[in-house]
Amino acid sequence: MTWSDTVFLLPEIILTLGASALLFVPLIGERGAGRSAKWWTLVILGITAASVIVSSNAVVGMTQTATFAAMFALDSFAIFFKLLFLFAIAMVVLMSEDFLRESRYSPWEYYSLLAFALCGMMFMVSGVHLISIYVGLELMSLSSYILAGYYKNEQKSTEAAMKYFILGAVSSAILLYGISLIYGVCGSLNLADIDRAMSTMITNDALMVGIMLLGAGLCFKIAAVPFHVWTPDVYEGAPTPITAFLSTASKAAAFSIFARIFYSGLHHFQLDWSSVLATVSALSMIVGNLAAITQNNLKRMLAYSSIAHAGYALLGIISLNAMGIRGVLLYTLVYVLANLGIWAVILMLRRHEYAGEQVDDFDGLYRRAPFWAFAMVVFLLSLGGIPPTAGFIGKYFLFAAAVQSGFGWLAIIAVLMSAVSMFYYLRIVVAMYLKEGAAAEVSASGSLRFVAAVCLAATLFLGVLPRPLIDQVTYSSRRLLVRALQADGGR
Amino acid sequence: MLNNLWLIPIAPFVGFLINGFFGKRAGKTFVTAVAWLGSFAAAALGTLAAFEYAGQYHHGERHLNVIYNWFSSGNIGADIAFQLDPLSIVMLMVVTWVGFLIHVYSAGYMAHEEGYWRYFAYLNLFLAAMLILILGSSYLFMFVGWEGVGLCSYLLIGFYYDRDFAAAAGKKAFIVNRIGDFGFLIAMFLMFAYLGSVDFAQVSQRAMGSGIDGGLITAICLFLFLGAAGKSAQIPLYVWLPDAMAGPTPVSALIHAATMVTAGVYMVARTNVLYRLSPTAMAVVATVGALTALFAATIGVRQNDIKKVLAYSTVSQLGFMFIGVGVGAFSAGVFHLVTHAFFKACLFLGAGSVIHAMSGEQDIRKMGGLWKKIPITAWTFLIATIAIAGFPPFAGFFSKDEILASAFSTPYFPGLGKLIYVLGTIAALFTAFYMFRLFYLTFFGKFRGTHEQEHHLHESPATMTIPLIVLAALSAIGGLIGIPHVFGHNWLAEWLHPIIPPLPGVHDLHIPANVEWAVMIVSTLVAAIGLFAAMRLYRDRGVAADEAFERRSPGLARTLENKYYVDEIYGRTVVTPLEVGSRFLWKVVDSVIDGIAAMLGFFVRGFGDLLRFFQTGNVRNYALMFFIGVVVFMWVLR
């Protein structure tokens, strides 16, 4: 390792320094000026984003692709996700303003925790070694546990944090056990080494158990059935901006490492794990969508919906082909966009101190805020995968990938369940357009409008002109795919 | 400019966006400025592009400007691409400049209307869509504009949406056009399926290739013509156009006379290779055109609403254009399209000026004697009337004459061609007659309106009269771009020649000089007969002549007045059975489907409730489920 290697880590270094600085500012005496916290955070995020670009350009000329004992890589896949995380966190920061003002908790700590979570996410997506991935994952998770309980005086919030923490710890234990078994069999934790070691193996019980435990731990993070039970409770109890964070950025991060580990580390045993993951995927789609139907609490409904979406995204990992990996990237992006938009609209609706949480808070929204009602429709259609929204493109790639790799039955379930999902998405539309009522008042701050407008524009634009994005994800996923297919060539 | 053709439709589109979003709050001056600028920019950029094209291409090649690959899936695909060739340049010049004149006129005409901004926003949107229609390089992209102009037509017909009649007329136009669009779509599907492309050049190329079934070409042509008949108001789909007069008068001039309704003619001319490969389809086009020309002209004789007369006249003149493209005289059809745009826009705008002067009165029985009161309007109206009636050397004479002469000497179906010529000539006689009837009833005789109307009579403001004068001048001399060969140089035919490539084994149309002379003389005589008949009947006696006719043959008079009862027949034979069928589907079939769907929903909901059972909220139970999950995983993999 030389000093020049730090360029790989430059964005994370900057972000860590920035996050620490946010923590110290109130000690110096900026306590009163909570407002400036938002701007400082955004500036730090902006600098980090710039440094991602700078260091990725610097890395292009280097011979090695990974650094720090081959634990950390800055490849196009990682860059795509890093920028996506930065975007999502920036949006969450913008959405949090009202919540922080009303709850009277320190904004500095809050933003600092978000920044640390982001740092963990950016670190783990660059990880090409199970330990570096794990460390990043834990940094993200620990920050999330605290954020979920940020409503310190609210029982629901504390309870959510508690549940999240305990179950998260359990899942970490399982994950680590899986990692240790894999290490035992393969003799390395580096994904490339694991890949090499596995290419010569026939089958191995200990390895299978290891892979399954690792998979179970990751399934917890993406909230796939049967490891999903925490999701509705945590989503409901956490402060709404944090729910937005958990259901977008945090999930996207989990998808990214899921894809990286299974595409570049474990693909030799695809035949073995794909059937299990296919079952998980099918169960997630079925349980998530059917359970969402009966929910009246919007946060719980979206929690179940996000479980179902984890099932869709798994299609792309199971199929292990070019369509699939592109599908994962595309879908993650469009899912994040639509979800952020929905949370922004929800935050615009306020009933007392809690944001619009019930479906009937949306009654008659069309009359009170026609534009945001329209935006909400677009986001919901995008989640449902209806053209011309971006969601359609994402679902198209995932479903096509499943069909190509022989999982036709799974694609059929996915399509049927998408139809079911339209039922509860349209429930909100019906409430907005056909019902009367004004249970929740609309107070759209500038930041919320900005978030919703950006997400709306992107969702529509990518739905109508998806080509630039498709080209981008094709480029970003190439290396991961080449690895998987090269080694896979024998089959 | 040639590589940025998208700027041309974008200019009015930006105008639409600005006026659409901010027009309501902004003042009228602002709205007018934006709308004028939008349409003027399109005209100026279009002219610039045309000059650049002429400088760069000398043999009428197609200039293709691909903006974006729209989609490609398997072996079908389409680009967002614009093209420039002699035909689209002709259309471009007519659409943008006539469009701009009508924008200018509208500022005066609509000055006192509610929803001024809405009107101009729609008008700009229309222009943008029309430009996509004529500049698009494939049937699919053309269809985008095709639907766009349909939408704007609907919006503008229903501009006075608080009047039931206008709202219904808008709906009628839209629905009738859907029938035509259905044909257009089927034609595109056939192209995709059998020719593998919807690009103009590629479709023509592949249709010429060997191994293409003649029946397929005929089918494509006939389905396309169904689309054209919808948009260009031909039998049997013409019924929407007369009702479309419910919109503001400048809209009738722009959309329902000069530009949009000629889109069908443009499309047939654009598809000339396919049509020439299928004489059957051409015969259908020419016959429908001839029948429409005559049929609508007879109705025009007994209409009393000034705009209705012009509407039937438009249907009739569109019929002439289809005769032209149908008998193989594609440049003659386009020529008539151009001259018709001049004189019909002039007539409609003149009618608008008359209506404006008459405080909203549209019934010509209540007009009369306006010659002295509104001289500019009267003179321009007269020039346009002479042009449409077909007197040399006004614009309409040359184009109509070329069409009739071509019909007489068409090589594709000589016998039928002669018959079409006869029908066309009779239609021309009626045209001269009803136009001069309209002219004399409006401008001569005694004033038959109320006192108040007489008191308010005034010439229109300059924003309205200047477009009238320009259009009248074009109606007078516009025909010189296409004078017959016997007189010299038919500039338009030569300009358009490259878009009609020679086909092996297909004889192209050639008009012998003696036919040319004979047809010209007959046409002039026919126009003179029409003029004199109308003058004798209506100049002095006015409406009394119509009443006398009604007394003599009441049955015929009523049939004509009620437009042969076509609307009623359609109502009985198409609309009512459809409604009965829909009601059956709704009340009987749908309730069965609903029942099944409701049952499904019930089961799904039940399952959802079942899942709730597992959501205890207890961390211990959650952790337990977690471990059960892991165990099941391992058991599966065992």
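So A:CYS219 ticks every box in (1) more than 24 Å from A:ALA414 (Cβ to Cβ); (2) within 13 Å of chain B (Cβ to nearest Cβ); (3) out of contact with any strand residue (DSSP E or B) (no Cβ under 8 Å at 6 or more places or on another chain) but one. Which box is left unticked?
Against the list (1) more than 24 Å from A:ALA414 (Cβ to Cβ); (2) within 13 Å of chain B (Cβ to nearest Cβ); (3) out of contact with any strand residue (DSSP E or B) (no Cβ under 8 Å at 6 or more places or on another chain), A:CYS219 comes up short only on (1).
Could you check how many residues of segment A:423-445 are surrounded by fewer than 18 Cβ atoms within 10 Å (Cβ to Cβ) and under 18 Å from A:SER306 (Cα atoms)?
Adding up the residues that qualify gives 2.
Checking B:ALA219 against (1) modelled with pLDDT under 90; (2) assigned to a helix (DSSP H, G or I): exactly one of these is not met. Which one?
(1)
Can you name every residue in segment A:361-379 that is surrounded by 18 or more Cβ atoms within 10 Å (Cβ to Cβ) and under 21 Å from A:SER421 (Cα atoms)?
A:ASP361, A:PHE362, A:ASP363, A:ALA373, A:ALA375, A:MET376, A:VAL377, A:VAL378, A:PHE379, listed by residue number.
Applying the selection to segment B:186-238, what residues are within 30 Å of B:ALA173 (Cβ to Cβ) and without any contact (Cβ under 8 Å) to a residue 12 or more places away in the chain?
Correct list: B:PHE189, B:PRO236.
Residues of segment A:167-193 being modelled with pLDDT of 90 or more, buried (at least 16 other Cβ atoms within 10 Å of the Cβ) and aliphatic (A, V, I, L, M), which ones?
Answer for segment A:167-193, where residues must be modelled with pLDDT of 90 or more, buried (at least 16 other Cβ atoms within 10 Å of the Cβ) and aliphatic (A, V, I, L, M): A:LEU167, A:VAL170, A:ILE174, A:LEU175, A:LEU176, A:ILE179, A:LEU181, A:ILE182, A:VAL185, A:LEU189, A:LEU191.
In segment A:417-426, is there at least one residue being modelled with pLDDT of 90 or more, touching a strand residue (DSSP E or B) at 6+ places or on another chain (Cβ under 9 Å), closer than 17 Å to A:ALA344 by Cβ and of a type in the set (Phe, Trp, Tyr)?
No, every residue in segment A:417-426 fails to be modelled with pLDDT of 90 or more, touching a strand residue (DSSP E or B) at 6+ places or on another chain (Cβ under 9 Å), closer than 17 Å to A:ALA344 by Cβ and of a type in the set (Phe, Trp, Tyr).
Exactly one of these conditions fails for B:TRP70: (1) aromatic (Phe, Trp, Tyr); (2) buried (at least 19 other Cβ atoms within 10 Å of the Cβ); (3) in contact (Cβ under 8 Å) with a residue 60 or more places away in the chain. Give me its number.
Only one criterion in (1) aromatic (Phe, Trp, Tyr); (2) buried (at least 19 other Cβ atoms within 10 Å of the Cβ); (3) in contact (Cβ under 8 Å) with a residue 60 or more places away in the chain is unmet by B:TRP70, namely (2).
Listed residues B:ARG551, B:ARG620; which is within 30 Å of B:ASP243 (Cβ to Cβ), in a helix (DSSP H, G or I) and more than 9 Å from chain A (Cβ to nearest Cβ)?
B:ARG551 is the lone residue from the list that is within 30 Å of B:ASP243 (Cβ to Cβ), in a helix (DSSP H, G or I) and more than 9 Å from chain A (Cβ to nearest Cβ).
Which condition breaks for B:PHE447 when tested against (1) within 16 Å of B:TRP371 (Cα to Cα); (2) part of a helix (DSSP H, G or I)?
Result: B:PHE447 fails condition (2) only.
Consider A:LEU207 carefully, then state whether it is at pLDDT below 90, in contact with a Gly (Cβ under 9 Å, 6 or more places away or on another chain) and within 14 Å of chain B (Cβ to nearest Cβ).
yes
Among (1) in a helix (DSSP H, G or I); (2) farther than 30 Å from B:ASP401 by Cβ; (3) among the acidic types (Asp, Glu), there is one condition B:GLU516 misses while meeting the rest; what is its number?
(2)
Tell me whether segment A:262-277 contains one or more residues that are outside any helix (DSSP H, G or I), in contact with a helix residue (DSSP H, G or I) (Cβ under 9 Å, 6 or more places away or on another chain) and within 14 Å of chain B (Cβ to nearest Cβ).
yes
Which members of segment B:364-416 meet the condition of being closer than 15 Å to B:ILE306 by Cβ and among the aliphatic types (A, V, I, L, M)?
B:ILE364, B:MET367, B:LEU370, B:ILE374, B:ALA378, B:LEU382, B:ALA384, B:ILE388
Okay, residues lined up against (1) touching a Leu at 6+ places or on another chain (Cβ under 8 Å); (2) away from chain B (no Cβ under 14 Å):
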{"residue": "A:LEU83", "(1), (2)": "no, yes"}
{"residue": "A:LEU100", "(1), (2)": "no, yes"}
{"residue": "A:PRO107", "(1), (2)": "yes, yes"}
{"residue": "A:LEU113", "(1), (2)": "yes, yes"}
{"residue": "A:CYS119", "(1), (2)": "yes, yes"}
{"residue": "A:VAL125", "(1), (2)": "no, yes"}
{"residue": "A:ILE131", "(1), (2)": "yes, yes"}
{"residue": "A:TYR145", "(1), (2)": "no, no"}
{"residue": "A:LEU189", "(1), (2)": "yes, yes"}
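Tell me the residue from A:TYR150, A:TYR105, A:TYR111 that is touching a residue at least 60 places away in the same chain (Cβ under 8 Å), within 24 Å of A:TRP39 (Cα to Cα), more than 15 Å from the chain's Cα centre (by Cα) and assigned to a loop (DSSP other than H, G, I, E, B), please.
A:TYR150
Go through the residues of segment B:530-543 one by one and say whether even a single one is within 30 Å of B:GLY488 (Cα to Cα), surrounded by 13 or more Cβ atoms within 10 Å (Cβ to Cβ) and touching a residue at least 24 places away in the same chain (Cβ under 8 Å).
Yes.
Hey, among the residues in segment A:278-298 that are part of a helix (DSSP H, G or I), within 10 Å of chain B (Cβ to nearest Cβ) and more than 19 Å from the chain's Cα centre (by Cα), which one's surrounded by the most Cβ atoms within 10 Å (Cβ to Cβ)?
Once the filter is applied, the top-ranked residue is A:ALA291.
Could you please find all residues in segment B:44-96 being small (Gly, Ala, Ser), closer than 27 Å to A:ARG467 by Cβ and either assigned to a strand (DSSP E or B) or at pLDDT below 90 (or both)?
Within segment B:44-96, B:SER72, B:SER73, B:GLY74, B:GLY77, B:ALA78, B:ALA81 qualify.
Mind telling me which of the residues B:ALA472, B:ALA476, B:ALA545 ends up being assigned to a helix (DSSP H, G or I), at pLDDT below 85 and more than 30 Å from B:PRO236 (Cβ to Cβ)?
The conditions single out B:ALA545.
Which of the residues spanning segment A:147-161 are surrounded by 17 or more Cβ atoms within 10 Å (Cβ to Cβ) and within 13 Å of chain B (Cβ to nearest Cβ)?
Result: A:GLU159, A:ALA160, A:ALA161.
Can you tell which of B:HIS485, B:HIS507 is in the same structural domain as B:PHE394 (by TED's automatic domain parsing) and touching a Pro at 6+ places or on another chain (Cβ under 6 Å)?
B:HIS507
Based on what the data block shows, is A:VAL225 more than 14 Å from chain B (Cβ to nearest Cβ) and either surrounded by 24 or more Cβ atoms within 10 Å (Cβ to Cβ) or assigned to a helix (DSSP H, G or I) (or both)?
No, not satisfied.
Would you confirm whether any residue within segment B:388-406 is within 21 Å of B:PRO467 (Cβ to Cβ), part of a helix (DSSP H, G or I) and β-branched (Val, Ile, Thr)?
yes
The values are calculated or read from the model by the stated rules, or taken from the named source; none is laboratory data. From a predicted model like this one, the values you see are computed outputs, not experimental measurements. Positions of Cβ are generated from backbone atoms using ideal geometry, with glycine treated the same way; all protein chains shown enter the neighbour counts.
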